[in-house]
1. Rank the residues 92, 128 as a footprinting-exposure proxy: fewest other Cβ atoms within 10 Å of their Cβ go first.
2. What distance in nm separates the two pseudo spin-label positions at residue 250 and residue 205, each 7 Å out from Cα along the beta-carbon direction?
3. What is the mean projected area of the alpha carbon convex hull for the stretch 248-289, to one decimal in square nanometres?
4. So, in nm, how far is label residue 43 from label residue 61 when the simple model puts each one 7 Å beyond its Cα toward the Cβ?
5. In whole percent, what relative contact order does the stretch 198-251 give with Cα contacts below 8 Å and a gap of six or more residues?
6. Quick one: pull the percentage of alpha-carbon pairs in the chain with a separation above 37 Å.
7. With label points built 7 Å along Cα→Cβ from the Cα atoms of residue 117 and residue 102, find their separation and express it in nm.
8. Provide 125, 144 in ascending order of the number of other Cβ atoms located within 10 Å of each residue's Cβ, fewest first.
C-alpha cells in the first residue's frame, strides 16, 4: 500500500467526538516536549518521528494508538522534574492525615507500620516493589490470550488514562506521604527542593546490601504524589479487567489488592485515604472504558 493510500485512509476516517482525546494528548505532548530539557532536541525529535511513523502506518497504528495514553502518562511523570517549584501549587502536609483521622478514627498507616521485622519487610516489598511493575505486562498477556477481541486495546487506554489522571491530580494537589512525618515532622513546611525518600524500602536496601530504592526515590520527579495512590489504582483496574475476563480469579485478585494496600501503608508510602482514592480512579475509569 502506498503512502498516498495511508493518507487517504486517514482523510476518509469517520471522525467522532471521541477523537478529541487525541487532540488533548497531542496538546499535552507538545507542552511536555517543550518543557523537557533532557534529552535534547535531537533525541526528542527522533522519538516524535517514531510515533508519527507508527501512527501513520495502519499495521503499526493498531499498537501505537492505544499506547498513546500510556506514553503520555510516562512522559508526564518524567517531565515533573522540569516544572519549577515556583510555578507549582502549595504542598499539603497535614490534609491527608487529618482526613484519615476524620474518616477512620485513627491514622491507619501509623498503626500498620508501627511494628516491623524482616519477614514483613519482604512480604510488603514483593507486591510494592516487584509485582506492581510486572503485573501490567502479565495482565495484558492474559487479556490477549483469554479475553474477547478488543479487550486488550480497551485495557491499554484505560490503564493509560487512569494513570495520566492520577499524575495530573498529584501535580494539582501535591500531598506528603506518611514517611514525611517520620523524616521531617508534621510542623515542617514541605518544599519542592526536598528529595524523595524510600520509606520502609530502605530496609530492603539494607537487607540485600544495595541502594536501589534509596537512589530511585531520592531522584523521583514526583516526591509529593501521595494522593491518589497509583499502586492501588493499578491493582484495582487490573483486578476489574481480569475478573471480568476470568470470574473465577476474583478471590485471588482481591487478595492481591488487600496485600498491596497493606504494603503501601506498612512501607509508609500511602495513607488509607490515598488507597481508597486510587480505587475510585480505577473504578470510574473501568466504568467509562
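Derivation of every value follows stated rules applied to the coordinates shown; laboratory data play no part. Owing to the predicted nature of the structure, the values given are computational and were not obtained by experimental measurement. Cβ sites come from the backbone with ideal geometry, for glycine too, and all protein chains shown count toward neighbours.
1. With the fewest neighbours first, 92, 128 line up as 92, 128.
2. That separation, rounded to one decimal, is 4.2 nm.
3. Hull-based average projected area comes out at 3.3 nm².
4. Taking the simple label geometry, residue 43 and residue 61 are separated by 3.1 nm.
5. Values: 20 pairs, mean separation 11.0, N = 54.
Once divided by the residue count of the stretch 198-251, the mean separation gives 20 percent.
6. 19 percent
7. Modelled inter-label distance: 3.8 nm.
8. Numbers: 125 21, 144 13.
The order, fewest Cβ neighbours first, is 144, 125.
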